[in-house]
Amino acid sequence: MRNLEQSLETETAIDAHSFSVSVTVTFFFRLFEEHGELLNLFEKFKELKTKEDQANSLELQEHASTVMNTLDEGIKGLDNLDAFFEYLHQVGASHRRIPGFKVEYFWKIEKPFLEAVETTLGDRYTENVENIYKITIKFIIETLIKGYDNANAPT
């Protein structure tokens, strides 16, 4: 994993602060546009049916930032795999508490995440960078799923 992390650091310098609010909200626009059923998982987002409603929602912006920060922390944690797995397993397990959440929903963040990275990096988003991030997001999602699967099912 060290080579993957080094590639990410040298090819691109992305951290949570690089994802502007507009890029982060766009991530969720695309996620909800392609997977409207996900809105129903969030009591506080059910009313946000239009892009305008979503763009004006501070709660959505905060949640989007939390998700992007989680992905960023996962990437940053690749140099300490024990911490990486522990953190993402905890995040994955926490989704057990969301009524109606299905494990396959984790995969729905892949495409919008890659689009957000491309928007953030602009000209620096090369084919090599794209491949690195595809591998990285897949690894992160698989780790979230393992945490979800290993968590005690709700009673």
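With r defined as the distance between the Cβ atoms of residue 34 and residue 59 and R0 fixed at 25 Å, what FRET efficiency is calculated, to the nearest 0.05?
Working: r = 21 Å, r/R0 = 0.82.
So the FRET efficiency works out to roughly 0.75.
Taking neighbour counts of Cβ atoms within 10 Å as a proxy for exposure, in what order, fewest first, do 140, 75 appear?
Working: 140 25, 75 22.
So the residues, fewest neighbours to most, are 75, 140.
Compute the label zone of residue 150 within region 39-82: residues whose backbone N is under 11 Å from the point 7 Å along Cα-to-Cβ.
Residues passing the 11 Å test: 82.
Determine which aspartates and glutamates satisfy two conditions relative to residue 102: a Cα distance under 17 Å, and not lying fewer than 8 residues away in the same chain.
34, 37, 43, 110, 142, 149
Express the relative contact order of region 15-155 as a whole percentage, based on alpha carbon pairs under 8 Å and six or more residues apart in sequence. Mind showing how you got there, number by number?
Working: 117 pairs, mean separation 47.9, N = 141.
Relative CO of region 15-155 lands at 34 percent.
Could you tell me which of rounded, prolate or oblate describes region 24-92, using a ≥ b ≥ c as the square roots of the eigenvalues of the alpha-carbon gyration tensor, with rounded for a/c under 1.5 and, failing that, prolate when a/b is larger than b/c and oblate otherwise?
Working: a/c = 2.85, a/b = 2.36, b/c = 1.21.
The shape class here is prolate.
For residue 76, list the lysines whose Cα falls under 26 Å from its own Cα; do not include residues on the same chain fewer than 8 positions away.
Reachable lysines: 108, 111, 134, 138, 146.
Any read-out appearing in this document is the output of simple, stated calculations on the displayed coordinates, not a laboratory observation. It should be emphasised that the depicted structure is a prediction, and the values quoted were computed from it without experimental measurement. FYI the Cβ positions are ideal-geometry reconstructions off the backbone, even for glycines, and counts take in every protein chain you see.
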